[in-house]
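The values are calculated or read from the model by the stated rules, or taken from the named source; none is laboratory data. Quick caveat, the model's predicted, so the values are computed rather than measured. Neighbour counts run over all protein chains shown; Cβ positions are idealised from the backbone, glycine included. Keep in mind that these areas ignore ligands, DNA and RNA; they rest on the heavy atoms of the full protein, side chains included. Shrake-Rupley method; radii C 1.70, N 1.55, O 1.52, S 1.80 Å.
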Amino acid sequence: MADLRAESEPLLSRARGGRGRDCPAGSAACRSVRGGPGARSRRDLCFDQAAVFIEDAIQYRSINHRMDARSMGLYRLYYSNVSQWILSFTIFLILFLAFIETPSSLTSTADVRYRSAPWDPPCGLTESVEVLCLLVFAADVSVKPLRIRRLLRPFFLMQNSSLMKKTLKCIRSSLPEMASVLLLLVVHLCGFTVFGMLLFAGEKQGDGQDRERLMYFHNLPEALTSLLVLLTTANNPDVMTPAYSKNRAYAIFFIVFTLIGSLFLMNLLTAIIYNQFRGYLMKSFQTSLFRRRLGARAAYEVLSSMIAEGEAHPQEVGVKPQDFLQVLQKVQLDSSHKQTIMEKVRSYGGDLLSADEFQKLFNEFDKRVIKEPPPRPEYLSPFLQSAQFFFSHRYFDYLGNLIALGNLLSISVFLVVDADVLPEDRDDFVLGILNCVFVLYYLLELLLKVFALGLPGYLAYSSNVFDALLTIVLLVLEISTLAVYRFPHPGWKPEMLGLLSLWDMARLVNMLIVFRFLRIIPSMKLMAVVTSTILDLIRNMRAFGGILVVVYYIFAIMGINLFRGVIVAPGNGSLAPDNSSATCGSFEQLEYWANNFDDFAAALITLWNVMVVNNWQVFLDAYRRYSGPWSKIYFVLWWLVSSVIWVNLFLALILENFLHKWDRCSHLQSLAGDSDTTYQGRVELLFRDVLEEPAEEELMEKLSHHPHLPLCR
């Protein structure tokens, strides 16, 4: 009964004064903290609650969930690494089924002329996998208070990512502003279409103006399509050439159309998407920051409530460092960050942590933890000490970069010299010798660095691990080459003795040497900024890549349902002309037969080719002829969703990430008071310098309304 009574008491009740709380010193809640049968279970419950609140703060999650022991156990189980890995794998599996289900993508080619009969999975195989996946999703949804429309599989992917949902809301909030520009674009397109049909109305056959009308302005839909494609510049200058060949003044029409449409309206659309992206995400991340501060404050309140009345400083409020360290042991966090935060907490000694100090600890979660390299070997000999200093100096790295550059230049020279020489006529003697020399140098460099830094110190740097792996692979390939073909000599032209010829093996070695040259990037400051931006983009592409997967998946399935089987190889009753009789630049003449919607993999590649918009007018024309003029609606919608909206969102992410990297006076660095502090390149941190810290009163007001964590008033 004591345990039940302790859990039923307000979780934050304690004897303390000020800030609107009034909790009598002799209340049952305060006594339950200091002693009694339920004291230990009460303490454990507080630790568990604080650990959950800290995890919520780290992940920017809402804290408005049940806080009893059983509910917290289920909550932490759901958000555990194993559960989230199972859920992610299930999402991947159910999306991957599209490659196996009928129509199967398991053929070597998508070309309708050469494609073999696809593998037909046994009855019930994919259905059984899908049922298992749906059971996992049912369990997932049962612990989430979300309303999900499961009309399509990709929505399981979207609902599992908070950043993806934020991005989708950003798109939705941008639609009104985008619609206004799109309306202007439609007016611009329709106006120039009508004007063009009136302008290119020649009567004489063979006249340049007449050819313009016959080819591009034959009727209203054709003219509209031609100018729509011109917006993307995919058919420029083809669409202008017939009329321009007749009279150069006709170029003014196309130039004005392109200036207004492509350079003004399309870029205005990009600016609106970027502005809305930044504005909405900034608001969203302001909410995320509030969630972090609220979770941290909730953990602080729970832990500070455990201080018993009658200690040395009865009026002092705070968190004991040893209590926070015990809670931190329960938090799901990588060991490097956990160790760094524990050291930070220990630096406070035995003093109580104030609310402000407690909040500042959460800035450590966003920092990149730079591990101290292991100690270097100690040598007694002065000569060895001098050698250790030289081989561990950055100038030795510069020498290695210079050698790698020389290797790359030598490879380039041989590629140019042997460009017109057949493989069987090449003399690979000099190239083989150079490869041996460079590989031996890389091996010597590896050994010398291990000597200077020690093996643990050498492996502590990712660049050294990269160099070591490439050096080992290069060494194995070089030894294999020498073992098969013996040592090179002038006029050396060995026969094919294995799976790879000498030239094939040398080419593989050369490809790896080109990767070895990437070691110079950290040495060049501006290039390092660009490279780090790219790496951060890759880390942050989960949400944006997930949205692209969703739209690709949906449009691919729609494309299969609409266009499966409409592209048929010439002959065998097909209406498609063969290559010899096809119009120049047409789908048939360009042999685009593999671009179809006969299976899921082929549909993805076709959508990719249309998204790039180069020659996408070929697809519009082909599917118009094979399936009807309504097919243009599908491809235009895909162009708007992928090339206009998603690509512009991606551009916005690149701009924000690069500007954030370029700003050397970032507010993030001042948070820790250390100009050398480096933070993880997460999207949530891009706007931290312009976000407002929540006020103390706002946090406490929100915390006081927690449905399962009542404050003592």
**OP:** Evaluate the following for S41: is it of a type in the set (S, T, Y), assigned to a helix (DSSP H, G or I), surrounded by fewer than 18 Cβ atoms within 10 Å (Cβ to Cβ) and modelled with pLDDT under 80?
**Re:** yes
**OP:** Find all pairs meeting these conditions: Cβ atoms under 7 angstrom apart; at least six residues apart or on different chains; first residue within the range 268-295 and within 29 Å of L709 (Cβ to Cβ) and touching a residue at least 24 places away in the same chain (Cβ under 8 Å); second residue assigned to a helix (DSSP H, G or I) and acidic (D, E).
**Re:** F285/E684; S288/E684; G295/D56
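Yes or no, residue by residue, for (1) out of contact with any strand residue (DSSP E or B) (no Cβ under 6 Å at 6 or more places or on another chain); (2) hydrophobic (A, V, I, L, M, F, W, C); (3) modelled with pLDDT under 85:
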{"position": "Y244", "(1), (2), (3)": "yes, no, no"}
{"position": "I252", "(1), (2), (3)": "yes, yes, no"}
{"position": "L259", "(1), (2), (3)": "yes, yes, no"}
{"position": "Q276", "(1), (2), (3)": "yes, no, yes"}
{"position": "Y280", "(1), (2), (3)": "yes, no, yes"}
{"position": "A299", "(1), (2), (3)": "yes, yes, no"}
{"position": "A308", "(1), (2), (3)": "yes, yes, yes"}
{"position": "A312", "(1), (2), (3)": "yes, yes, yes"}
{"position": "V317", "(1), (2), (3)": "yes, yes, yes"}
Original post:
Mind checking which residues of the range 586-627 are open to solvent by less than 20 Å² (accessible area, probe 1.4 Å) and among the acidic types (D, E)?
Top reply: E588, D598, D599
Subject >> So A139, is it within 24 Å of the chain's Cα centre (by Cα), part of a helix (DSSP H, G or I), surrounded by 12 or more Cβ atoms within 10 Å (Cβ to Cβ) and modelled with pLDDT under 85 >> reply: no
Subject >> Members of the range 159-218 found to be among the small types (G, A, S), surrounded by fewer than 17 Cβ atoms within 10 Å (Cβ to Cβ), at pLDDT 80 or above and over 19 Å from V641 (Cβ atoms), listed by number >> reply: G191
**OP:** Would you check if T233 is more than 16 Å from L198 (Cβ to Cβ), open to solvent by less than 60 Å² (accessible area, probe 1.4 Å), polar (S, T, N, Q) and out of contact with any strand residue (DSSP E or B) (no Cβ under 7 Å at 6 or more places or on another chain)?
**Re:** no
Subject >> Residue ID - surrounded by the fewest Cβ atoms within 10 Å (Cβ to Cβ), chosen from residues in the range 84-136 that are among the aliphatic types (A, V, I, L, M) and over 29 Å from the mean Cα position of the chain (by Cα) >> reply: A117
**OP:** State whether the residues of the range 269-288 include one that is surrounded by 20 or more Cβ atoms within 10 Å (Cβ to Cβ) and under 23 Å from L620 (Cβ atoms).
**Re:** yes
**OP:** For residues that are assigned to a helix (DSSP H, G or I) and surrounded by 16 or more Cβ atoms within 10 Å (Cβ to Cβ), tally how many sit in the range 444-472.
**Re:** 15
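For every residue, the table says whether it meets (1) at pLDDT below 80; (2) open to solvent by less than 50 Å² (accessible area, probe 1.4 Å); (3) closer than 30 Å to F438 by Cα.
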{"position": "D323", "(1), (2), (3)": "no, yes, no"}
{"position": "S336", "(1), (2), (3)": "yes, yes, no"}
{"position": "E343", "(1), (2), (3)": "no, no, no"}
{"position": "G349", "(1), (2), (3)": "yes, yes, no"}
{"position": "L352", "(1), (2), (3)": "no, yes, no"}
{"position": "F358", "(1), (2), (3)": "no, yes, no"}
{"position": "F362", "(1), (2), (3)": "yes, yes, no"}
{"position": "R368", "(1), (2), (3)": "yes, no, no"}
**OP:** Search the range 627-639 for residues being touching a Leu at 6+ places or on another chain (Cβ under 8 Å) and of a type outside the set (V, I, T), and hand back the single one that is nearest to V566 (Cα to Cα).
**Re:** S627
**OP:** Give the range 53-84 a look and list any residue that's under 16 Å from F358 (Cβ atoms) and assigned to a helix (DSSP H, G or I), or say none.
**Re:** F53, I54, E55, D56, A57, I58
**OP:** Look through the range 289-302, keep the residues that are charged (D, E, K, R) and open to solvent by less than 50 Å² (accessible area, probe 1.4 Å), and return whichever of them is nearest to L640 (Cα to Cα).
**Re:** R292
**OP:** Among the residues of the range 236-268, write down those that are open to solvent by less than 20 Å² (accessible area, probe 1.4 Å) and either among the aromatic types (F, W, Y) or farther than 16 Å from F192 by Cβ (or both).
**Re:** P242, F253, F254, F257
